[in-house]
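The values are calculated or read from the model by the stated rules, or taken from the named source; none is laboratory data. All figures in this text were calculated on a predicted structure; none of them were measured in a lab. Glycine also receives a Cβ, built like all others from the backbone with ideal geometry; neighbour counts cover every protein chain displayed. What goes into the accessible areas is simple: the full protein's heavy atoms, side chains included, and nothing from ligands, DNA or RNA. Shrake-Rupley method; radii C 1.70, N 1.55, O 1.52, S 1.80 Å.
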Amino acid sequence: MPRSSMQKQKLLYLQKIMLEKTDEAHGLTVAQLEEELAEYGIAASRKALYDDLKILEESGLDVCSTRTNTVKYYVGSRDFEIPELKLLVDAIQSSKFITRKKSLSLIKKLGKLVSENEAKQLVRQVYVSNRVKNVNERIYYSVDKIYAAISENKQISFDYYMWQVNFGGDPEKRIVRVPRKNGERYFVSPWALCWDDENYYLVAYDSAADMIKHYRVDKMEDIEVTQAARDGGRQFDKFDIVRYTKGVFSMFGGEETEITLSVDNSLVGVIADRFGSDVFISRESDERFRVNIRVMLSDQFYAWLFGLGNKVKIISPQNAIFGFKNKISHIYDEYM
């Protein structure tokens, strides 16, 4: 490229060098900046560089300097601070629905928001128990299509999959994905996306069933935005997404029921974490309190309840008590 043309790009390359090579702990002298620009085939005098740094500062780049034996220049404040980026990296690493490949790609992109030296601090290994990374790379495009449909007020269609045991095929692949409803397409009106237990879920209105349903996004394939306008606006006007996600344990369906629990005082944090600190509780005794909550009476709810042992007891309604006893009885029978 001609010398004059490179001179026109000098400011751009100088800004790139400052952003990539410098931070509060790693400054560059004017002589070092000359050397860095030379790597791009750009010649620069010291006097010109002082003027260029001033222009970058006036344009919004936070150009700072330190003086010891020599003066070094570096970029001070940035859009993101290192502690903020570390939190984002931890969230990405520990998220089950983000695949390993996509996790590495996202972290690499976050590293471009700071200097090369600071980016090394973002290479962190976060260990989270019971975490299995998703294998569906297409989930990101699925989420994008769902948001597009919501924005355009359109229905979507998709194939929905489930896991199934397959002992007749490849011994390396005995857990396989198969389509639900024998491959029949689903048609729903998307209204919201929510994140529960590290999974993405679509909350949508099913016109045929005349009810609100939810679907795991990573199990949705070949999502298409249709030309049909969304249904279910009247139902969603009265819909409380926060209460819904609190009550649907791991987003597995069941009969939504209001139940009363007797809870040991030591588990007030467990109740607050699950249902919110604003849930209403009443005193039962010096050791226990009662709380009314709405939940889906599902296997997942009963499993959660069982894990709390005798410190939680269902008081009402009777069908919830019967369902829990029945579940315990079936488990007991398996071990007899």
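Go through region 20-38 residue by residue and tally those that are more than 20 Å from Lys112 (Cα to Cα) and in a helix (DSSP H, G or I). Please lay out each step first, then the result.
Here is the first cut: in region 20-38, the ones more than 20 Å from Lys112 (Cα to Cα) are 29-32, 34-35, 38.
Narrowing the set further to residues that are in a helix (DSSP H, G or I) leaves 30-32, 34-35, 38.
Residues meeting the conditions: 6.
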Quick check on my filter: what residues within region 95-109 are open to solvent by 20 Å² or more (accessible area, probe 1.4 Å) and without any contact (Cβ under 8 Å) to a residue 40 or more places away in the chain? Arg100, Lys101, Lys102, Leu104, Ser105, Leu106, Ile107, Lys108, Lys109
Which fully enclosed strands (runs of 3 or more DSSP E) of region 265-336 have 2 or more residues being open to solvent by less than 40 Å² (accessible area, probe 1.4 Å)? 288-297, 312-316
So, restricting to strands (runs of 3 or more DSSP E) that lie completely within region 61-178, which ones have at least 2 residues that are modelled with pLDDT under 90 and of a type in the set (A, V, I, L, M, F, W, C)? 154-165
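Is it true that Gly233 is loosely packed, with under 14 Cβ neighbours inside 10 Å and in contact (Cβ under 8 Å) with a residue 12 or more places away in the chain?
Numbers: loosely packed, with under 14 Cβ neighbours inside 10 Å: yes; in contact (Cβ under 8 Å) with a residue 12 or more places away in the chain: no.
No: the conditions fail for Gly233.
Kindly indicate whether Ser65 is open to solvent by 40 Å² or more (accessible area, probe 1.4 Å) and in contact with a Cys (Cβ under 9 Å, 6 or more places away or on another chain).
On the way: open to solvent by 40 Å² or more (accessible area, probe 1.4 Å): yes; in contact with a Cys (Cβ under 9 Å, 6 or more places away or on another chain): no.
In short, no.
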Subset of region 187-217 (residues that are outside any strand (DSSP E or B), of a type in the set (A, V, I, L, M, F, W, C) and open to solvent by 20 Å² or more (accessible area, probe 1.4 Å)): Ala208, Ala209
